[in-house]
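One structure below.
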Amino acid sequence: MQRIISSRRTFLEGLGLSAAGLFFGVYAYADQPTNEPAGDTDPKPKTGSRAVEKTSRGLNPNVFLHIAPDGWVTIVCHRSEMGQGIRSSLPVLLADELGASMQKVKIVQADGDKAYGDQNTDGSNSIRGIYEDMRMAAATARMMLVAAAAARWKVKSDTCTAMDHVVTHTPSKRQLGFGELAVEAGRMKIPQPAEVRLRPIDELKHLGKDLPLLDGPAYVTGKAIFGADLSLPNMLIAVIARPPVVGGRATSFDPKPAQAVAGVKQVVELPVPTLPYMFKPWGGVAVLATNTWAAMKGRDALKISWDMGPNAKYNTADYRKTLESSVRKPGTTLRKVGDVENALKGAARTVEAEYYVPHLPHVAMEPPAALAHFRKEKGGSCEVWAPTQNPQAARTEVARVLGLDESKVTVHVTLLGGGFGRKSKADFVSEAAFLSKATGVPVRVQFTREDDIHNDYLNTVSAQHLTAGLDKKGKVIAWRHRTAFPPIGSTFKADTKRPGTGDLQQGVLDVPLAIPHVSAEACEAEAHVRIGWLRSVYNIFHAFAVNSFIDEIAHARQQDPRETMLEIFGPARTVPLSELGVEQLQNYGASLDRHPVDAGRLRQVVERVTQNANWANRSKLKNRALGLAAHRSFLSYVGVVVSVSKNPAGRLWVDEAWMVVDAGTVVNTDRVRAQMEGSLINGMSQALFGGVTHKNGAVEQNNFDGVRLVRMGEEPTRIHVDIVRSQGAPGGIGEPGVPPVAPAIANAIFALTGKRIREFGMMNQAFT
């Protein structure tokens with residue numbers, strides 16, 4: 001175990017911590033590899049995330065908490081840390097509910113294990129999905145400590161409290177530390193869930209406050225361990241020549257030129273994946289060497305002949321026409337209120353528009369990497385270290401590839417240099433496991449940036465056709481939304497050729513529309529690449545179309561876009577399924593009773609963000625214009641206003657932005673602000689520069705010169721984030737800030753220039 005004792009006092013003051021007091025297990029893995037040069041012997045075994053619970057005396061009421069006789073509280077973080085701050089938020093929530101002092105808390109990272117429940121760090125679910133469960137886990141331990149103290153004092157439990165790492169008998173002021181009670185409490189009967197009582201919210205001292213980013217010092221001092229930092233004795237590094245086209249395969253290859261490169265040790269062919277592709281290795285030929293550079297040069301020297309397979313004719317320019325043709329015809333109706341077709345026929349006026357969003361890559365700063373060590377003894381086992389968002393899925397896939405029972409596979413989670421959904425797929429992890437078994441040594445698979453872009457589970461490409469009918473007074477009486485995109489389901493079931501209700505719940509079926517005639521239709525679209533979830537997923541293009549179209553309706557009516565938006569969303573209300581025009585709503589896996597579609601919350605973020613941006617006086621701005629968008633996703637509500645300005649040379653840029661987020665109960669306000677700011681930059685990058693294109697089945701872009709991101713000199717000079725204070729059920733944070741960004745920019749461009757932008761890649765259309 002390694003201590004972080006660098007200069008970090010300012011990071012800890014927010015929790016009342018001292019640098020000497022916090023023991024933060026950033027590197028707490030069994031058989032921990034290091035970033036030191038490989039030696040001749042295996043690393044010494046060290047404490048893993050469950051070893052504390054299995055081997056130590058004390059109180060261990062569940063897999064998330066252990067209280068030792070010396071008073072140290074070990075909290076297991078079972079979600080992956082990729083900069084969003086879950087290791088700085090979730091453990092503090094547990095400590096507050098327990099009544100622990102953070103000066104006596106250790107935080108360790110969980111391995112992949114079903115005992116922890118859902119470990120998938122995706123879907124903006126790390127707080128909203130387990131907020132009460134984590135509090136229950138800590139409250140259970142607190143009640144057992146209190147019960148142990150009450151038994152020793154021979155008093156009633158309800159006369160005792162647990163706070164600041166001690167249990168106090170309130171009438172007599174007697175106190176016992178957590179450590180003094182740990183062994184006795186560990187013998188107590190574990191309360192049933194129905195018996196556990198949570199603290200009043202006002203006793204959670206750190207809830208809704210700025211909390212320090214506890215991994216921050218390790219990030220900036222270089223001590224943080226990411227996937228590519230790890231090494232083991234005798235390890236080889238693998239760089240893989242994967243098929244340029246999804247579904248392709250190597251027909252022949254000559255390994256001799258690669259083997260002639262100094263440092264190259266082996267060349268291994270990977271199995272050809274079959275449909276459905278799921279998280280399977282991509283196939284191709286791996287070059288394994290003693291260092292990354294040799295592996296890359298060896299791959300360059302390979303002579304491979306490829307069969308490009310059934311997707312060799314996939315060209316995005318042609319496929320765009322296919323999608324646009326699809327949405328110009330009726331699709332499968334998934335939302336229906338009233339009679340849209342007759343209402344459109346009888347409308348005094350119609351407004352119509354099409355929107356297009358290309359494939360979007362993930363391009364996290366850290367390309368995928370994974371280290372695996374297969375051991376053949378005792379029937380075989382495999383140990384893996386990976387920057388994975390979903391260690392359980394990685395464990396399952398490794399077991400499948402190796403033909404092992406999952407109990408024989410251990411997956412340790414390193415820090416992630418960004419993820420955005422890419423690292424919830426296990427392909428790169430199982431590649432390392434396969435190659436380790438094939439070579440008999442530990443293997444680390446390393447993606448280059450080019451590999452990352454060429455072999456991604458891309459966010460899907462989409463086309464949408466929206467039509468609105470207006471009566472003689474300009475009121476919207478009909479709304480028809482057709483959308484076509486190859487769904488994520490095609491990666492798991494190859495014959496999936498159109499989106500379904502679970503796909504359209506993201507920004508189509510759950511949009512409150514105070515319109516008497518509404519329909520939403522899913523149109524046919526066949527996949528030619530591996531489709532996966534990207535931060536905000538389908539909400540990206542659905543919010544773009546809906547918010548842009550509202551702005552277009554406002555222009556057609558010659559009305560303020562804000563007023564048109566509020567009119568279309570309708571009055572504050574909980575929107576029932578009957579008004580949505582659906583029989584059921586998946587609702588991001590949450591109950592509609594707990595997380596209804598709330599038009600009032602959507603209206604509130606619109607009203608609040610426009611007030612913050614001084615929307616009413618926007619006509620007085622010189623060489624600047626404001627654009628508005630708002631969206632509900634992942635059970636949270638976000639409103640965005642951006643300012644687009646024109647400099648003396650006539651160049652346009654986003655110079656300022658305002659964001660309002662209503663995510664219900666917020667644990668860590670610092671991380672919420674950071675996520676909103678990051679979402680803005682992420683959304684700007686997608687909107688301004690677009691995604692990737694395909695020619696003859698292969699991705700045309702290679703690196704950041706082709707996949708552009710917003711750079712430091714291009715970001716807004718001011719980003720204002722306003723968090724709605726609420727005690728409502730927690731919503732998501734990591735993803736909801738992205739969807740409204742692109743339409744807000746497009747609407748601002750129109751307000752400034754009169755040019756309507758209906759597709760991503762706005763830089764090429766208006767920002768020149």
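Read-outs throughout are calculated quantities, based only on the coordinates presented, and are distinct from any laboratory measurement. Keep in mind that what you see is a predicted model, and the values were worked out from it rather than measured. Positions of Cβ are backbone-derived with ideal geometry, glycine not excepted, and every protein chain shown enters the neighbour counts.
See the values below:
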{"item": "Furthest towards positive pole of dipole, Leu360, Thr121, Pro740, structure part the chain, Cβ charges", "result": "Pro740"}
{"item": "Theoretical gain in end-to-end length, Ser252 to Asp202 [0.36 nm per residue, Cα-Cα removed]", "result": "11.3 nm"}
{"item": "Distance in nm between pseudo-label sites at Arg375 and Arg152 (7 Å out along the Cβ direction from Cα)", "result": "4.0 nm"}
{"item": "Furthest towards positive pole of dipole, Ala599, Ala317, Tyr588, structure part the chain, Cβ charges", "result": "Ala599"}
{"item": "Exposure proxy order (Cβ contacts within 10 Å, fewest to most) of Val105, Val461", "result": "Val105, Val461"}
{"item": "Alpha-carbon centroids, segment 188-204 and segment 611-670: separation in whole Å", "result": "41 Å"}
{"item": "Three-way shape label, the chain, alpha-carbon gyration tensor, a/c 1.5", "result": "oblate"}
{"item": "Distance in nm between pseudo-label sites at Asp495 and Arg349 (7 Å out along the Cβ direction from Cα)", "result": "4.8 nm"}
{"item": "Peptide ranges 756-762, 149-155 listed from the most packed, as the mean C-beta count within 10 angstrom indicates", "result": "756-762, 149-155"}
{"item": "Net charge of neighbours whose Cβ lies under 11 Å from the Cβ of Ile107, counting Lys and Arg as +1 and Asp and Glu as -1", "result": "0"}
{"item": "Helical contribution to [θ] at 222 nm, DSSP H n ≥ 4, -39,500 (n - 2.57), averaged over the chain, rounded to 500", "result": "-8000 deg cm²/dmol"}
{"item": "Spacing of the two label points (7 Å from each Cα toward its C-beta) at Arg187 and Trp293, in nm", "result": "6.3 nm"}
{"item": "Neighbourhood net charge (10 Å Cβ-Cβ; Lys/Arg +1, Asp/Glu -1) for Ala228", "result": "-1"}
{"item": "Euclidean distance of C-alpha centroids, segment 271-321 and segment 686-754, integer Å", "result": "29 Å"}
{"item": "Segment 460-505 versus segment 355-431: alpha-carbon centroid distance in Å", "result": "33 Å"}
{"item": "Among the listed pairs Lys313/Lys497; Lys106/Lys154; Lys114/Lys423; Lys472/Lys646; Lys297/Lys437; Lys189/Lys209, those beyond 25 Å (Cα-Cα)", "result": "Lys106/Lys154; Lys472/Lys646; Lys189/Lys209"}
{"item": "Protection proxy ranking, peptides 594-600, 366-372, 87-93, 243-249, average beta carbon neighbours within 10 Å, highest first", "result": "366-372, 87-93, 243-249, 594-600"}
{"item": "Computed magnitude of the charge dipole of the chain (debye, nearest 20; Cβ of K, R +1, Cβ of D, E -1)", "result": "480 debye"}
{"item": "The chain: relative contact order as a whole-number percent, Cα under 8 Å and 6+ apart", "result": "13 percent"}
{"item": "Whole-Hz ³J(HN,Hα) from phi, Karplus 6.51 cos²θ - 1.76 cosθ + 1.60, for segment 514-523, glycine and proline x", "result": "8, 10, x, 10, 9, 9, 10, 10, 9, 10"}
{"item": "Which of Tyr131, Tyr637, Tyr314, Tyr219 has the fewest Cβ neighbours within 10 Å, and the rest in rising order", "result": "Tyr219, Tyr131, Tyr314, Tyr637"}
{"item": "Long-range HN-HN contacts of Gly664 with modeled amide H, under 5 Å", "result": "Gly731"}
{"item": "Fully extended contour minus Cα-Cα distance, from Leu621 to Arg573, at 0.36 nm per residue", "result": "13.8 nm"}
{"item": "Charge context of Asp560, other residues only, Cβ under 12 angstrom, K/R +1, D/E -1", "result": "0"}
{"item": "Length released on extending from Glu450 to Thr159, taking residue separation times 0.36 nm less the Cα-Cα span", "result": "98.4 nm"}
